[in-house]
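> Attaching a single structure in structure tokens format; questions to follow.
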Amino acid sequence: MTQQFAARDGRRSASTAPTAQRVSAPPSAHLMQLAAVLGKSPRTHMLIQRKTGLQKSAPLQLSGRGQPVIQRKSEVKYKTQSVGYEDAKGNIQTETVGRVADAWIDVTDPITGTAPDSAKQQKAMYTRLKSTYGQGFIRGHLLNDNLGGVGEVYNLFPITSSANGEHKITAEGKLKANTRRELRAKKKGEKGPFFVHYRVTAIPTNGGNLTDNANATFLCEMVAAHSVLEGGKNEVWTVFSQPKKKPKADGPRSTKTDYSNQDLGPFKSSGTGEHASTLVSRMRSTVDGWRGDKNFKFASKGIGSHLSLVEQKQQALKQLEDHPLYDEFYFDALERAETLLAEVHDPSGIPLAMQQLDRILQRWALQRRKWRLLQTLRQELTPVMLSDTIKTDFYNFAVTEFKPVMDLTTLEQTWLRVVGAIGNQIKLLLPQPQLQTHPN
């Protein structure tokens, strides 16, 4: 039987087979209604959709009274990046710093942050930057510690003191103001949910060598359920960190009341670094796809083992390119691999996760082959001069025979048997056979 499929881009072909496609669930109707309330901005809708991805633990439900019930859970997703600097001998050294902090802050589920450990964390890099530019650089939180940001390297980036001040009186000030507004709304008994969604991205101008150029740009965006912003819309800011230059930031500035740490309720950090209450914050943090758990040592000395685990996961993803089905399921395979590895907290679990991925890819390949053969059968039966009822019976016969097949070799054998049986039936019904028996 001749297959009549047009050539497809192998890296995108996974989307052509319904059984193999990994489809993201659309945002719930209630979340989209919330987006409409917050404003018509496309960015607002994007952030609400992102909320759906963050809240994986339970979908939006209705209570017995028909009111929305949301699984309340504050959460922060971090992404890291590597930056380089020249040491005193002119050699390039590298360090891991934060790139993205994407925070979903639900005031009904408070989290508290921590201060960085300036005596230990990446001391050589910060000392070198100070001597190079003649001014100090601070370990700037992407997500403020008074709103749940932890003082670990994945939430810190080298920033000038003046730029850090601009961040404080622009985006961070509005973030604190919105958090207070959500706390007041909850206290007054206003309709929930009560959340702020805040995202910061740190982009160095020359990440390969900060001693050559330490300029950096910080992109900030935010949306809140009971926003103090006009029309409830989200707003964006851009903060520029430029050594020896006047601080600069694009976006609305905050008042002193806005950026103060007063009236933040249970979110406010003690500012003393490690304390027991930050365990929840760390448990609610995801770093490069790795989610914190009780077995991880959260103090600075634990970062080395975490980064080693991250590196091993990255190597596993790189080796995935050699899988014979990688190109066929490019985007889906990569996404599924990242999802499986996100649940791995120990290096010994990486091989098991990749074995599970292999079984998934094999199942996808089998499903796709079944789907293609059935489509080929449908196409080849189209010109045959038989009634649609008989053609449907033939097609359903093939579906039934394919259903229990669990491997490709058995599928090919079943295919030949099915085609032979259908061909024999056509010979009985028509003077000349019109069905070929050799698929490409």
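> Got a sec? What order do E182, E321 fall in by accessible area at 1.4 Å, biggest, i.e. largest, first?
E321, E182
> Shifting gears a bit: Run the numbers on region 113-184 and let me know its relative contact order in percent, using alpha-carbon pairs under 8 Å that are six or more apart. Provide the component values of the computation, followed by the final result.
Details: 70 pairs, mean separation 21.8, N = 72.
Relative contact order here is 30 percent.
> Over all directions, the average projected area of the alpha-carbon convex hull for region 182-262 comes to how many nm²?
7.1
> Moving to a separate point now. Would you kindly derive the ³J(HN,Hα) couplings of region 370-385 from the backbone phi angles with the Karplus curve 6.51 cos²θ - 1.76 cosθ + 1.60 (θ = phi - 60°), listing them in order in whole Hz, with x for Gly and Pro?
Going residue by residue, I get 4, 4, 5, 5, 5, 5, 5, 4, 4, 5, 6, 7, 3, x, 5, 7 Hz, with x marking Gly and Pro.
> Another question, if that's okay. Output the pairs from K79/K186; K186/K268; K79/K245; K73/K191 with a Cα-Cα distance over 22 Å in this structure; if there are none, say none.
Where the Cα-Cα span goes over 22 Å, the pairs concerned are K79/K186; K79/K245.
> Compute, for S254, the solvent-accessible surface of its heavy atoms (probe 1.4 Å) with the complete set of protein chains present, and express it in square angstrom to the nearest 10.
Roll a 1.4 Å probe over it and S254 shows about 20 Å².
> Starting at the first residue of region 237-248, write each ³J(HN,Hα) from the Karplus equation 6.51 cos²θ - 1.76 cosθ + 1.60 with θ = phi - 60°, in whole Hz, x for Gly and Pro.
Once θ is set to phi - 60°, the couplings for region 237-248 become 9, 10, 10, 10, 9, 9, x, 6, 10, 5, x, 9 Hz.
> Would you list M222, M283, M385 from the most to the least accessible area, probe 1.4 Å?
M385, M283, M222
> At 1.4 Å probe size, what's the solvent-accessible area of H323? Round to the nearest 10 Å².
H323 exposes around 40 Å² with every protein chain in place.
> Normalise the Debye intensity by I(0) for region 105-210, one equal point scatterer per Cα, no solvent, then take log10 at q = 0.14, 0.24 Å⁻¹ and round to two decimals.
Listed by q, the Debye log ratios stand at -0.63, -1.36.
> I159's amide H: which non-local residues (gap 5+, or another chain) put their own amide H closer than 5 Å, with H modeled 1.01 Å from N in plane and none for Pro or chain starts?
Under 5 Å from the amide H of I159 lie the amide H atoms of I138, G140, each far enough along the sequence or on another chain.
> Follow-up question, since we're still on this one. From the phi of every residue in region 399-407, what ³J(HN,Hα) in whole Hz does the Karplus formula 6.51 cos²θ - 1.76 cosθ + 1.60 yield, where θ is phi - 60° and glycine or proline is x?
Each residue of region 399-407 in turn: 4, 5, 5, 6, 3, x, 5, 10, 8 Hz.
> Skipping prolines and chain starts, which residues have an amide H placed within reach, meaning under 5 Å, of the one on N215, given they are 5 or more residues away or on another chain?
T205, N206
The values are calculated or read from the model by the stated rules, or taken from the named source; none is laboratory data. Given the structure is predicted, the values throughout are model-derived calculations rather than measurements. Surface areas here come from the heavy atoms of the whole protein model, side chains and all, with no ligands, DNA or RNA. Shrake-Rupley method; radii C 1.70, N 1.55, O 1.52, S 1.80 Å.
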